[in-house]
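First the structure, in the form of structure tokens, and then the observations on it.
The values are calculated or read from the model by the stated rules, or taken from the named source; none is laboratory data. Since this is a predicted model, take the numbers as computed values, not measurements. Cβ: placed from backbone, ideal geometry, glycine included. Neighbour counts: every protein chain shown. With ligands, DNA and RNA removed, areas are computed over all heavy atoms of the protein, side chains included. Shrake-Rupley method; radii C 1.70, N 1.55, O 1.52, S 1.80 Å.
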Amino acid sequence: MAVRSKSGALVGAAIKRVEDRRFLMGQGTYADDWQPAGLLYAAFLRSPYAHARIAAIDLSRAIALDGVIAVVTGQQMGELAKPLRATSTMRTYVATEQPILARDKVRFVGEAVAAVVAASRYIAEDALDRIAVEYDTLAAVSDVEAAAAHGAERVHEEAASNVMVAREFKHGAASAGLGAGAHPEAAVTVRERFRFHRHAAVSIEPRCCVARYNAGSGELTLRSSTQCPGVVRTALAASLAMPEHLVRVVSSDVGGGFGAKSSVYPEEVAVSALAKMLGRPVNWTSDRREDLLATSQGWDEIIDAELSVSAEGRILELKADVLADVGAYAVYPWTLTIEPIQTVSFLTGPYDVPNYWARARAVATCKPAVGPYRGVGRPISTFVMEGLLDRAARRLKRDPVELRMLNYVRADQFPYKTPTGIVWDRAPFAELLDKALARLGYEQARAEQARARREGRLVGVGLASFCELTGIGSGTPAAPGMPIPAGTEAATIRVDPSGTVTAIFGVASHGQGLETALAQVVADELEVSLEDVRVMYGDTAFAPYGTGSYASRGAVMGGGAAILAARALREKADRIAAHLLETAPAVANEPGGKSGAARRVSMRDIAQAAYAGRKKLPAEMEPGLEATRFYDPFYGTATAAAHAAVVEVDAQTFAVRVLRYVAAEDCGRIINPLIVEGQVVGGVAQGIGGALLEEMVYDEFGQPATASLMDYMLPTASEIPRIEVEHVEQPSPTSLGGFRGVGESGTIGAPAAIANAVADALAPLGVEPNELPITPARLFQLCANKRGR
Amino acid sequence: MEARRTVRLKVNGVARQAAVEPRRLLADFLRQDLGLTGTHIGCEHGICGACTVLLNGEAVRSCLMLAVQADGAEVATVEGLAAPDGTLNPLQQAFREHHALQCGFCTPGMLMAAYDLIRVNPTPTEDEIRAGLSAVLCRCTGYQGIVDAVKAAAAQMRQSR
């Protein structure tokens, strides 16, 4: 069935995804599916200690094994590749190096110490057992508070302490520090210590990369499960001291990323260096244990926070002190600043906060790096802010809805500059909460809760409101002062001689359905059928430069670039059509629709003329039918949502069951509601996992206790309820096309809504959970402590 | 390295064979020796279910089985679901209709597990689908589209029977 665009008919339609067919037939091309002739397999020996000096390494028994091609240590790797170094212009930031293979010492359990290349992965792993490493163990820097203390054992000797960045924000009359005396008009001041433990992204496709080096041309090709092929290319060229134009990075199909595949990893450099050294292709596919040990993780912060409100419930002052356990290394290029700095940047949320003080410290420990994970900072800032508001509401004996409505940034305040300088272009906060409550049936939910309480059941209703910045351009970098240029994206759109359209992007998809969404935008702009547009991405050899898909930017940046390039192309096509009909384009153009001339000339005929050259074209017109345009949305655009959850706590087992979940979001002009709802539902599911199940547990020696999926608990179909999604479609006033990003939204709101619902369920007991995930053990302990008092 | 043994089996109705080490996993055998990369490997310890295939009609995790154990068996993988002319089967079609996949990595295992579920229970309730598919992890969809797709496909497959 042909889907033909008629000026804007495709954007907004629930088009079934074009990429689905190949996935459903098992015909996707993920990195590990590429098996070039002569392929070798790499495996990494990983440190069993969190902190130790490498005294000696004996490779002889490994090299002697039949089928082993090469074994390399950090020493030798140092000659092949430079370490990664994520710099930042942020004051107080301490830049450190991440070696490709550890040299001298190891800084977390799972850090790669040596690499084996062999004829098969089986043999490579056999050889790992034959490498003898002598370690001199050091005191593990595991506890974040101890690590931050003066005189603590240091993770990086070249740094003066483990505090790798410290920043303060101040707005209005707030004095520095918590407990420095409540605001003079405060009727209630609530103070709490919140903790959100370590989280793993766990994309179902483990990280994988395959490198091939052509000694003749000098070209290196890396197929990688990365979200950011453009960034990996730049980093590889620098690390391997190769000219960038000889490095090609391809990420065709990627099996989920959620931010954890957006950083450049040492393994990508190592595999490339080994392929170059050996002149043979090399594959490295992470197993799940390696993925849990050595992929960047998320969250892990302690936040002391304080909120003062007036007797009528107005926010007077907010203060927060954030201590972030950022692990052993700064991820390239995003650095270790992103989680704590974004937490304090977004803490004021959708509320008008007149006085604000916050401090954030990123502290190095002997654990894997904390890097981008879906939501970055905002799941925590929302958990804290919404938790404080509910606490204040309980003290004031006011409904949590009322308190939120009273404090939202009002419609007449947009564009609104937050205390940390972020600009909300426009967002319908009250409307979103109304919509979520209407869908939930708030009054009825409260009535049912009262009935349940009378029956002795612990049922609670929890809310969460938030605002996030998406589609950020050069005005608000993802990580301020980071070492690469970001903030722009481009599209190259080409009309093929037959009239079909090929649209190429620097943003890449790892499940978001960009192949469909961007095709909808292009087809609408060019007024061609969806089937006539093919969207391509993920290959630096043909894509314009871009940094990739992360930070809810794919639809905004890709969509904006698509509009610019398509409009340039369309203008030229109209002129060619008019020329072919011997009419002037000004006459042929109709406002808002396809020009009369272009309507009567097919895209094929226009393309044929464009490539035929001067004979068929207006005088002075350059032949060809292709356009590349770059887009920089500068500030980015606000995406807001309101979530509502109903949970029941089992009074015997302390298990939490989610009974209802509603998410009302505004992601601007919706390109494809099917995809938007998929993003929201999937994001909420990850947020529920983070709220109730998922935690990377490390002991005092920095040893992980959750290095398999038996111990790291992912939600299954049995734990996730049906999630109800509502839309308030308010086109962004600042982004081209009116799009706002929605990839992270679900994960940002869910932990807060679930935590508030659990606290509401336990309100009769006076228990207010302040630590996520809320496991049965933690809840049992909280309730036992309360009874003990 | 132990001596290789020849494994002969039928995959999606086609006789295939390859000589492999006895320790070779069925998943690696399918992907690397037979070139059937539609079956994905997500955890290698039997939790995520991405590698699920049908062995003599029943769902198994191909990362927890050796290729030599499948000698003489009939194996069905995701590559065999669609008709030879490329027409998607009702389950695949329902997955597309209900947006039951995003990144596509768990999808082959999810399809094969769902196929087995419907075979055993042609009229599954929502709770039965959720319990039945809890052996396959999806990190993208929140399972909602998958549950709806399986429900719809089961109904359609009943009708066409």
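Some notes on this structure:
- Backbone HN-Hα couplings from phi across segment A:94-110 [Karplus 6.51/-1.76/1.60, Hz, Gly and Pro as x]: 10, 7, 10, 9, 10, x, 6, 10, 4, 10, 6, 9, 10, 10, 7, 5, x
- Spatial separation of Cα centroids for segment A:421-463 and segment B:134-157, in angstrom: 28 Å
- Ligands, DNA and RNA left out, the accessible area of segment A:649-752 computed with a 1.4 Å probe is 55% carbon and sulfur.
- Between A:Val94, A:Val461, A:Gly624, the Cα set farthest toward the positive side of the dipole of chain A (charges on each charged residue's Cβ, about the Cα centre) is that of A:Gly624.
- Take A:Ser239: with every protein chain present and a 1.4 Å probe, its accessible area is about 10 Å².
- Per-residue shielding of A:29-41, expressed as the average number of other chain Cβ atoms within 10 Å of the residue Cβ, stands at 2.
- Cα-based convex hull volume of chain B per residue, rounded to whole Å³: 108 Å³
- Take the Cβ atoms of A:Arg53 and B:Asp33, set R0 to 56 Å, and the FRET efficiency comes out at 0.85.
- Rounded to the nearest 20, the size of the Cβ-charge dipole of the protein assembly as shown about its Cα centre is 880 debye, with Lys and Arg at +1 and Asp and Glu at -1.
- 1.4 Å probe, heavy atoms, protein only - residues of segment A:678-692 losing at least 20 Å² accessible area vs chain alone: A:Gly678, A:Val681, A:Gly682, A:Gln686
- Among the GluC sites (Glu not before Pro) found in segment A:178-273, those both in a DSSP coil and sparsely packed, with 13 or fewer other Cβ atoms within 10 Å of their Cβ, are A:Glu185.
- Counts of other chain beta carbons within 10 angstrom of each beta carbon in peptide A:713-725 average 6.
- Under the convention that each Lys and Arg Cβ holds +1 and each Asp and Glu Cβ holds -1, the size of the dipole of segment A:193-339 around its Cα centre is about 660 debye.
- Probe 1.4 Å - accessible area at A:Arg154, Å² to nearest ten: 90 Å²
- Interface area, B with A, accessible, probe 1.4 Å, both sides summed, Å² nearest 100: 4600 Å²
- Considering only A:Ala200, A:Leu347, A:Gly78, the residue lying farthest towards the positive end of the dipole of chain A is A:Leu347, judged by Cα position with unit charges set on Cβ.
- Span-rule helices in chain B, defined as complete DSSP H runs reaching 15 Å or more along the axis (Cα) with Kyte mean at least -1.0: B:107-120, B:144-159
- Per-residue ³J(HN,Hα) for segment A:24-29, Karplus 6.51 cos²θ - 1.76 cosθ + 1.60, θ = phi - 60°, Hz, x for Gly and Pro: 5, 9, x, 10, x, 10
- Shielding by partners for peptide A:280-287, expressed as the average number of C-beta atoms from other protein chains within 10 Å of each residue's C-beta, is 1.
- Per residue, chain A exposes 34 Å² of solvent-accessible protein surface, assessed with a 1.4 angstrom probe and all protein chains in place.
- Total charge dipole magnitude, segment B:5-80, about the Cα centre, Cβ charges on Lys, Arg, Asp, Glu only, Debye to nearest 20: 140 debye
- Restricting segment A:73-124 to trypsin sites (Lys or Arg not before Pro) that sit in a DSSP loop and have at most 13 other Cβ atoms within 10 Å of their own Cβ leaves A:Arg91.
- Listed residues B:Pro124, B:Pro84, B:Pro108, most fluctuating in chain B (Gaussian network, C-alpha, under 10 Å): B:Pro84
- Highest to lowest packing among A:746-754, A:246-254, scored as the average C-beta count within 10 Å: A:746-754, A:246-254
- Entry comment: accessible area of segment B:5-80 is 37 Å² per residue, from protein heavy atoms only and a probe of 1.4 Å.
- Counting only protein heavy atoms and using a 1.4 Å probe, the accessible area of A:Met277 comes to about 90 Å².
- Between A:Lys417 and B:Ala131, the FRET efficiency from the beta-carbon distance, with R0 = 60 Å, is close to 0.75.
- Too-long pairs where the Cα-Cα distance tops 25 Å, listed order kept, from A:Lys105/A:Lys367; A:Lys170/A:Lys367; A:Lys319/A:Lys417: A:Lys170/A:Lys367
- A Förster radius of 56 Å combined with the Cβ-Cβ distance from A:Met621 to A:Arg21 puts the calculated FRET efficiency at roughly 0.90.
- Its Cα gyration tensor gives segment B:5-80 an equivalent ellipsoid. The semi-axes, each the square root of 5 times an eigenvalue, are 17, 14, 11 Å from largest down.
- Taking the helices alone, the protein assembly as shown has a mean residue ellipticity at 222 nm of -8500 deg cm²/dmol, built from -39,500 (n - 2.57) per DSSP H run of at least 4 residues and averaged over all its residues.
- The ratio of the alpha-carbon radius of gyration of chain A to the globular-protein estimate 2.2 N^0.38 Å is 0.98.
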